[in-house]
1. On the basis of being buried (at least 22 other Cβ atoms within 10 Å of the Cβ), over 28 Å from LEU210 (Cα atoms), modelled with pLDDT under 90 and more than 25 Å from the chain's Cα centre (by Cα), does GLY254 make the cut?
2. Which number in (1) closer than 15 Å to LEU210 by Cβ; (2) modelled with pLDDT of 95 or more marks the one condition that SER310 misses?
3. For a quick check of your reading of the model, give me the residue pairs whose first member lies in the range 3-28 and is over 15 Å from GLY168 (Cβ atoms) and assigned by TED's automatic domain parsing to the domain that holds VAL209, whose second is surrounded by fewer than 24 Cβ atoms within 10 Å (Cβ to Cβ) and among the hydroxyl-bearing types (Ser, Thr, Tyr), with beta-carbon atoms closer than 6 Å and at least 6 apart or on different chains.
4. Take ILE245 and tell me if it is in the same structural domain as GLY299 (by TED's automatic domain parsing) and touching a residue at least 12 places away in the same chain (Cβ under 8 Å).
5. Out of curiosity, is GLY332 closer than 23 Å to TRP192 by Cβ, assigned by TED's automatic domain parsing to the domain that holds LEU199 and modelled with pLDDT of 95 or more?
6. Which one of these is buried (at least 24 other Cβ atoms within 10 Å of the Cβ) and either of a type in the set (Gly, Ala, Ser) or at positive phi (or both): SER164, SER220, SER224?
7. I need the full set of residues from the range 167-217 which are under 12 Å from GLY332 (Cα atoms) and more than 11 Å from the chain's Cα centre (by Cα), in order please.
Amino acid sequence: MLSNLVVCYLFLGGAGGGACMVLSVLGLLSPRDAIAAACSSRGGAALANAAAFSDGSARLRANASVCCQPVVWRFAPVGMYRRLFVSGHTASLIALALGAFCLVADLARSDRVALLFLSPTPTFITMGTWLLVAALSLTCVTLLMWGSANGARFALVRIVQALSCVVGLGVILYTGLLLQGIAAVPLWATPWLPILFVLSSVSCGVALVLLSSYAAGALSAFESVMRRLLTADILVIALEALATILLVAASLHGVSPLNAANGLGFANNPTDAAAIASAGELLCGANAWVFWLCFVATGLVIPLILECISLNDSRKRPAIACVIACCVLLGGFAMRYCVIMAGLHPVAVSAMMFLG
């Protein structure tokens, strides 16, 4: 029903969209004086002419005329800001592009790819495809703005950043809604699934930003930003753990996971049986070691511990942040893999059980 490519593009799309949103928020919160320069509407020519006057009164009149000129703010980020955002948006662009490639490869046929853009019926996958295209386009534009020597209007940059934030949120929300819309799988048909995917995508986005800035050598220059990102990620990971518990609890309905793994329970219909079996498969099934070791331990527990340690040790914080980012990305992929695998297999098993 769903291939491994689906796991890949849900993970890559979520991580890329999360990084796009995180970087957009950081860009909007960046101080204007550090990333923009003020100039007159005449490009500073009046200021240059004022300096050529030798007479004091003439200088005064020239400076007054310059002050009367409307000031235009041009985008001109300093070196470290440019390095931070260029590396971050590059990582986001790569993740989004790879996610789009996995989506196209999963569809396999060119006519099915064309239907994503030409179909008159809106579905989660068509909306997600358009969101991916929009995110890729806006990330390319933002990357050009941060990397270009010719400063664009600062107001235009702010608009692009705000749009990128909204589109990034749409991408990470779509990855969960896509699975929730498959009503045949009870494990996914719960509002806790898109919430879990959104939280995981935000955490993976923070991880991409930390890794890319560390690789570019810009992480140490933004000590306060790094500390705030890690503090925010602690809250996000804690909420992610809570969303996981609620997702599993919604499927179990109070049944022991050991009983559910053995096909025992108190379900009254195939839908409840499939939900119970999915929860049992997730907690005690064939891929349970991936769930507990790669997602719970590596993706949740270890990052939480390391983040608390890093907040109290500023010297080792960049290196610890890099380890945290790797753990979060591994956990994000493992979570999606386990949730998809746990949802698919028990559906067929429960149907056979009730038909038999």
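The values are calculated or read from the model by the stated rules, or taken from the named source; none is laboratory data. Computed from a predicted structure; not experimentally measured. Note that each Cβ is placed from the backbone with ideal geometry, even for glycine, and that neighbours are counted across all protein chains shown.
1. no
2. Condition not satisfied by SER310: (2).
3. Short answer, once both residue conditions are applied: none.
4. For ILE245, the condition - in the same structural domain as GLY299 (by TED's automatic domain parsing) and touching a residue at least 12 places away in the same chain (Cβ under 8 Å) - is not met.
5. yes
6. SER164
7. Selection gives LEU196 alone.
This table checks each residue for (1) touching an Asp or Glu at 6+ places or on another chain (Cβ under 7 Å); (2) surrounded by fewer than 18 Cβ atoms within 10 Å (Cβ to Cβ); (3) modelled with pLDDT of 85 or more; (4) in a helix (DSSP H, G or I).
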| residue | (1), (2), (3), (4) |
| --- | --- |
| ASN259 | no, yes, no, yes |
| GLY265 | no, no, no, no |
| ASP272 | no, yes, no, yes |
| VAL339 | no, no, yes, yes |
| VAL347 | no, no, no, yes |
